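The values are calculated or read from the model by the stated rules, or taken from the named source; none is laboratory data. Since this is a predicted model, take the numbers as computed values, not measurements. Because the Cβ atoms are built from the backbone with ideal geometry, glycine has one as well, and the counts that use them run over all protein chains shown. Surface accessibility is based on the protein's heavy atoms, side chains included, excluding ligands, DNA and RNA. Shrake-Rupley method; radii C 1.70, N 1.55, O 1.52, S 1.80 Å.
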Amino acid sequence: MPEITRRPEHPEFGRERRQPNYDIAPDLLGYEWLEVSSTDEDGYPYDITATVEPQDGRYVVTKMVVSQRPGGVPLRRGELAKISVDPFVYTAAYETARVTGPDTMQPVASWFDHDTDQRIRAGRITDDELARIAAFYRWVRLQSGKPTTVIAEEFGISRATAKRWAARAVEAGYLTQDERKS
């Protein structure tokens, strides 16, 4: 998996920000840009560095530099087409956090506790959990644009159930209709 190699600097301290601070979608914090680089374990025969930025509620790669590794194979015709941007976007998305209060946030890795996870997998959520579902929906949308499908697969529920939850989240004000439809 690629790793983050550079984040924006804090204007007052002159060093990299270590926590997300940029509104990338409602109630979802990330970075205004991240530099993500391949590692030796990624299986790429090249050194790859991508700049990942949020645009319209999604992370996109806006710049990619591919270099021959020392002693490695040179770039040949058609090789760039074999490089997927997805691992770079996923790495950037993992650094996002859900806003939980005026001065608090929750890292993406801890959005669901065991009980909530079990209720979701059983297809039963409460109205209180809709905010988490909406945040997860936004987070998936940030990466791939197919949140209903990913939520259904991730939790072993039907796509119809995932769609109903998204509709409930819109009704409760946790998601917008535009986010749900795009």
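Quick notes on this one:
- Condition met for THR100 (farther than 30 Å from ARG17 by Cβ, of a type in the set (Ser, Thr, Tyr), modelled with pLDDT under 85 and surrounded by fewer than 20 Cβ atoms within 10 Å (Cβ to Cβ)): no
- Residues that are assigned to a strand (DSSP E or B) and modelled with pLDDT under 90 are absent from region 36-53.
- Residues of region 1-18 classified as farther than 26 Å from MET64 by Cβ and either in contact (Cβ under 8 Å) with a residue 60 or more places away in the chain or among the polar types (S, T, N, Q) (or both), total: 0
- Members of region 6-35 that are assigned to a strand (DSSP E or B) and of a type in the set (A, V, I, L, M, F, W, C): ILE24, ALA25, LEU28, LEU29, LEU34
- Just so you know, in region 54-75 the residues that are out of contact with any Asp or Glu (no Cβ under 7 Å at 6 or more places or on another chain), under 22 Å from MET1 (Cβ atoms) and among the charged types (D, E, K, R) include one that is least open to solvent (accessible area, probe 1.4 Å), and it is ARG58.
- Qualifying residue in region 73-94 (condition: acidic (Asp, Glu) and within 24 Å of ARG18 (Cβ to Cβ)): no
- When region 133-165 is filtered for residues that are buried (at least 21 other Cβ atoms within 10 Å of the Cβ) and either touching a Phe, Trp or Tyr at 6+ places or on another chain (Cβ under 7 Å) or on the phi > 0 side of the Ramachandran plot (or both), the ones remaining, listed by number, are ILE133, ALA134, ALA135, PHE136, LEU142, PRO147, ILE151.
- LEU175 being open to solvent by less than 40 Å² (accessible area, probe 1.4 Å), in a helix (DSSP H, G or I), closer than 23 Å to ALA92 by Cα and of a type in the set (A, V, I, L, M, F, W, C): no
- Residue among LEU142, LEU175 that is within 13 Å of the chain's Cα centre (by Cα) and under 24 Å from ASP23 (Cβ atoms): LEU142
- Qualifying residues in region 16-35 (those that are open to solvent by 60 Å² or more (accessible area, probe 1.4 Å) and modelled with pLDDT of 90 or more) - the one nearest to ALA92 (Cα to Cα): TRP33
- Residue in region 146-168 that is in a helix (DSSP H, G or I), within 22 Å of ASP86 (Cα to Cα), in contact (Cβ under 8 Å) with a residue 40 or more places away in the chain and polar (S, T, N, Q) present: no
- Annotation: GLU179 fulfils all but one of (1) free of Cβ contacts under 8 Å to residues at least 60 places away in the same chain; (2) touching a helix residue (DSSP H, G or I) at 6+ places or on another chain (Cβ under 8 Å); the unmet one is (1).
- Only one of THR39, THR49 that is touching a residue at least 40 places away in the same chain (Cβ under 8 Å), open to solvent by less than 60 Å² (accessible area, probe 1.4 Å), closer than 21 Å to SER84 by Cα and out of contact with any helix residue (DSSP H, G or I) (no Cβ under 8 Å at 6 or more places or on another chain): THR49
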